[in-house]
Structures are given as C-alpha cells and as structure tokens.
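The values are calculated or read from the model by the stated rules, or taken from the named source; none is laboratory data. The model shown is predicted, which means the values in this text are computed figures rather than measured ones. Glycine also receives a Cβ, built like all others from the backbone with ideal geometry; neighbour counts cover every protein chain displayed. Just so you know, the surface numbers come from the protein's heavy atoms only, side chains and all, with ligands and any DNA or RNA stripped out. Shrake-Rupley method; radii C 1.70, N 1.55, O 1.52, S 1.80 Å.
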Amino acid sequence: MSKTISGFSKLSKAKKIEWIVSTYFANNESAKQILEQYWNSDQKIQQLHDEFIENTISNYYLPFGVAPNFLINDKLHTIPMAIEESSVVAAASKSAKFWMDRGGFKTKVLSTTKIGQVHFMYYGNVDTLTSYFTAIKPKLLQDVKPITKNMEKRGGGIIDIELRNKTQDIKGYYQLHVSFETLDAMGANFINSCLEQFAKTFKNDALEFKDFSEEEKNIQIVMSILSNYVPDCLVRAEVSCKVEDLNEDKGITPEEFASKFVQAVNIAEVEPYRAVTHNKGIMNGIDAVVLATGNDFRAVEAGVHAYASRNGKYSSLTHAKVENGIFYFWMEIPLALGTVGGLTGLHPLVKLALELLHHPSAKELMQIVAVAGLAQNFAALRSLTTTGIQKGHMKMHLMNILNQFEANDYEKAIIVDYFKTHTVSHNAVVEALQNLRIKN
Ligand code: MEV
C-alpha cells in the first residue's frame with residue numbers, strides 16, 4: 001500500500017531503502033538486495049553518485065560501448081556510446097566502416113550562439129519602456145560583470161540584449177532576449193545566473209526611472225531562464241561519394257540503392273509520421289554520445305525536435321540527393337553541448353569518454369555527435385531500403401531473448417550458431433531453446 005512520508009530526503013540511505021522496500025515490495029529482502037547489488041564497491045565513486053541527485057538509493061546502469069573507425073575531417077575517432085538498444089552501436093560501427101572507405105564524414109560548426117530570456121509584464125507606454133531599456137542597457141551589462149568576467153577573459157560572454165515586444169501574443173508581455181557565447185561550457189548555469197541578475201537590475205532600476213509613471217515603475221518579472229531552442233548553435237555533417245561506389249552486396253545495384261535511399265529521405269521530409277521515426281533513429285546515435293559525454297540529452301532532444309518543426313511542419317533532419325552521379329547525404333542540427341562544467345569533470349566514465357575523444361572542445365564534440373546521428377540514420381535507411389530492419393534488429397536482440405530465458409553459455413553458443421542461417425523471431429528462439437533443452 002502506498003503511503004505519504006514527510007522528511008524523506010533527510011533520512012539516511014539505509015532508512016530510505018528500508019521505507020521503500022517495506023512499503024512497496026512483497027519480498028523486502030530481494031528488493032533490497034537488487035538495489036544494493038548496483039552500489040559501487042568503491043566508496044568514493046558511490047558517494048559521488050549519491051550526491052549527483054537527491055534520494056539516490058542505487059545506480060542505474062546502461063551499457064557503455066564504443067564505435068570505432070569514424071573518419072571525421074580526415075581524423076580517426078572511436079566514439080563512446082551509452083545506450084540500451086541492442087542494434088545501435090553495431091549500426092554506428094557499420095556505417096563508420098562503410099564511409100571510412102569512401103572518404104569519411106565532413107563536418108563544420110556553423111554557429112554557436114545560445115539564447116536566454118527574462119520574461120516580464122509591463123502595462124504602460126511602449127516608447128517609455130523602450131527608452132528605459134536603452135538607458136539601462138549599459139547598467140545591465142555592468143551589473144553582470146562579476147558573473148561574466150571569466151567567460152569574457154576566454155573570449156565568450158554576452159553578445160547582445162534585445163527588448164522584445166510580445167504584446168501581440170499576451171497583453172503586457174515583453175522579454176529581454178539575450179544571446180550568449182559560452183565557449184566550451186553548455187552554459188546553462190552561466191546563462192541563468194546572468195538572466196537572474198538582469199531581471200534584478202531591470203526591475204529595481206525602474207523604480208528610479210523618472211519618465212515612468214508610478215504604475216509603469218511596477219515591472220513584474222515572470223521568470224528568467226535559458227532557452228533549449230538553439231537554432232543558432234548549428235553544426236553540419238555530411239558524406240558523399242560517387243553513386244557507383246555505393247556498391248552493396250544486398251541484391252541491389254548502386255543506382256537503385258541511391259534512388260531508394262533518396263526516396264526514403266524525401267518521404268521523411270514530407271510525412272510527419274515517418275519523420276518522427278526517421279529522426280528517432282538519428283537521436284539513437286546522438287543521445288548515446290551525448291549521454292556518454294555527460295551532456296544533457298533532454299535539452300538536446302527538445303532543441304532538435306523543435307528545430308525539425310521550424311518551418312511549421314515536423315520534418316526530416318537529414319537530406320539526400322544525387323547530382324551529376326554523386327550521392328550526397330547531410331544534416332544540419334542545433335546542439336548545445338559542453339566539454340567543461342557539469343558532469344564532465346566529475347563522472348569517471350564521462351571523463352574517460354572525453355579522453356577517448358582526445359579532450360574535444362565543445363565545437364569538436366558538436367561535430368562528433370552530429371556524425372553519430374548521421375551515421376545512425378544512414379545505417380537505418382540502408383537496412384530499411386534493402387533487407388528490412390528486422391533482420392539486423394532481431395539478430396542483435398537474440399541475446400536479450402536468450403538472457404530472458406536464462407540460457408547458459410553452451411545453449412547460447414548453439415542457438416547463436418543456429419540463427420546464423422535462420423530468421424530470428426521471439427517464438428523461433430523460444431522454440432529452438434526448448435528443443436535444445438529437451439534433447440539434452
Ligand atoms: C529504431 O530504434 C530506429 C529506426 O526505427 C529508425 C528508422 O526507422 O529510421 C530503425
């Protein structure tokens with residue numbers, strides 16, 4: 001039976017677990033054992049995880065894999081990926097190998113601007129507000145100096161502050177719309193701290209502005225927060241090769257393959273039902289690297305999908321064409337990533353992932369992540385337009401089914417061998433396992 005509890009966060013970890021298992025589980029001991037099984041034997045690492053969030057009672061593992069052979073702008077990379085879906089790393093590795101033999105991936109960071117907004121209400125004269133904003137702007141920038149000083153030393157900081165009139169949408173609604181350059185930091189804390197200082201100065205100094213009426217002095221700050229929509233923090237990744245070099249051994253000519261591939265992308269460009277799944281496949285690659293490198297995958301997801309609908313209709317993030325006998329496949333996506341701050345200096349596996357990538361700058365990481373997305377989409381479309389997706393998916397899923405039925409190493413070896421020449425399905429695997437167990 002569920003029940004409420006007060007002061008839960010103040011309890012010790014042991015007491016929290018005691019309350020959870022006795023309240024929610026039929027078998028207290030086994031629930032406790034599962035939770036404790038995932039504790040790290042190294043006290044320091046466990047404490048680190050305990051302190052990442054409130055009420056940690058265990059750790060949640062995901063496989064941490066690597067996809068080698070990624071040639072990006074003529075430099076080789078092995079890309080770290082944290083993901084549970086069986087086929088993703090295998091697909092990334094296959095794509096990497098395919099394009100390594102055809103010149104590799106080319107990438108470019110197009111822009112790095114991030115946005116934050118102070119949302120406020122003001123019901124007075126617009127022109128007076130505009131002249132207040134012009135008068136106060138230098139002071140806004142001055143008051144935020146203690147926060148921006150270090151970032152400015154490194155070449156970043158505040159790019160501009162604009163006053164935006166949103167009263168067409170909501171009566172009295174305005175914004176301070178601020179653009180930032182946060183260099184190698186994702187910048188959420190920096191941006192939010194700056195915005196909260198802007199809000200304070202903007203509200204307080206209004207009380208002294210002589211052109212405001214008593215009523216106009218009362219600027220109401222609603223909230224100050226960064227935006228995860230970053231259409232001006234864009235990276236481009238692309239591959240291209242002669243159509244004849246798309247030589248697949250899947251019973252399809254290079255020309256047919258190129259044409260079907262471009263059709264598949266065209267469909268995702270015009271059909272939202274397909275576009276969502278198409279982009280989900282891209283995010284399989286992107287999220288896995290974002291997570292492995294300690295970045296905020298929810299922020300990236302939100303920003304990328306908003307970008308996919310920027311023209312008023314949800315559409316494909318990737319594009320493809322054949323021109324003069326050359327196959328082109330490319331993507332431009334917004335990615336706000338960091339390689340300093342946040343988890344990047346704390347989580348041992350994140351630090352390892354960044355070292356594996358030769359300690360990239362945020363710009364370099366944007367390019368690597370974009371490539372992981374493009375490669376994943378290439379692998380998915382390559383399967384979808386030739387063999388179908390299930391062949392590869394089910395092959396990779398085979399081990400999950402065998403584990404579900406607690407197959408031992410001997411059984412696994414026999415069954416994996418059997419399915420090298422048979423089609424994998426859940427039923428077929430169960431049946432093969434049963435037959436094997438009857439025989440032995
Ligand atoms: C599965 O996780 C991703 C795919 O559905 C992507 C796609 O359909 O393009 C295979």
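The slack between Val416 and Lys321, meaning 0.36 nm per residue of separation minus the straight C-alpha distance, is 30.3 nm.
The angle between the Cα long axis of helix 272-292 and the main principal axis of the chain comes to about 90°, on a 0 to 90 degree scale. Under a cut-off of 19 Å between alpha-carbon atoms, report the lysines in cross-link reach of Lys16, not counting same-chain residues fewer than 8 places apart. Qualifying lysines at Cα under 19 Å: Lys3, Lys32. Relative to the longest principal axis of the Cα atoms of the chain, helix 28-37 runs at roughly 80 degrees. Average projection, convex hull of the Cα set of the chain: 28.9 square nanometres. Helix-only arithmetic for the chain: the sum of -39500 (n - 2.57) across DSSP H runs with n ≥ 4, divided by the residue total, places the mean residue ellipticity at 222 nm at -15500 deg cm²/dmol. On the beta carbon distance between Ser2 and Lys280, with R0 = 30 Å, the FRET formula returns roughly 0.35. Taking R0 as 35 Å, what FRET efficiency do you get between Lys260 and Glu355 from their Cβ-Cβ distance, rounded to the nearest 0.05? Step by step, r from the Cβ atoms, then E = 0.30.
Annotation for Arg102 and Ile45: the two label points, set 7 Å from Cα along the Cα-Cβ direction, are 4.0 nm apart.
Taking only alpha carbon atoms, region 354-400 gives an Rg to Rh ratio of 1.18, where Rh is the Kirkwood radius. Take 163-172, 55-64, 252-261 and order them by the average number of nearby Cβ atoms within 10 Å per residue, most first; the result is 252-261, 55-64, 163-172. What the Cα convex hull of region 113-183 gives, in volume per residue, is 84 Å³. Computed from the C-beta positions of Lys149 and Asn204 and an R0 of 22 Å, the FRET efficiency is 0.55 to the nearest 0.05.
In terms of distances greater than 28 angstrom between alpha carbons, the cross-link table entries Lys114/Lys351; Lys260/Lys395; Lys137/Lys351; Lys108/Lys166; Lys108/Lys153; Lys114/Lys260 yield Lys137/Lys351; Lys108/Lys166; Lys114/Lys260.
Computed with a 1.4 Å probe over protein heavy atoms only, the accessible area of His397 comes to about 70 Å².
Label 7 Å along Cα→Cβ of Gln220; region 148-185 residues with amide nitrogen under 12 Å? Within reach of a label on Gln220, which here means backbone N under 12 Å from a point 7 Å along Cα→Cβ, region 148-185 contributes 171-174.
Principal-axis analysis of the Cα atoms of the chain puts helix 88-100 at an angle of about 90° to the longest axis. Kirkwood radius, region 393-439, all distinct C-alpha pairs, inverse of mean reciprocal distance: 10.4 Å. Normalising the Debye intensity of region 298-439 to I(0), with uniform scatterers on Cα atoms only, and taking log10 at q = 0.10 Å⁻¹ returns -0.62. Accessible surface area normalised per residue over region 146-279 is 54 Å², counting heavy atoms of protein chains with a 1.4 Å rolling probe. Counting Cα-Cα pairs of region 8-50 in 5 Å increments starting at 0 gives whole-percent bin shares of 5, 22, 25, 24, 17, 6, 0.
Solvent-accessible area assigned to carbon and sulfur over the chain amounts to 53 percent, based on a 1.4 Å probe.
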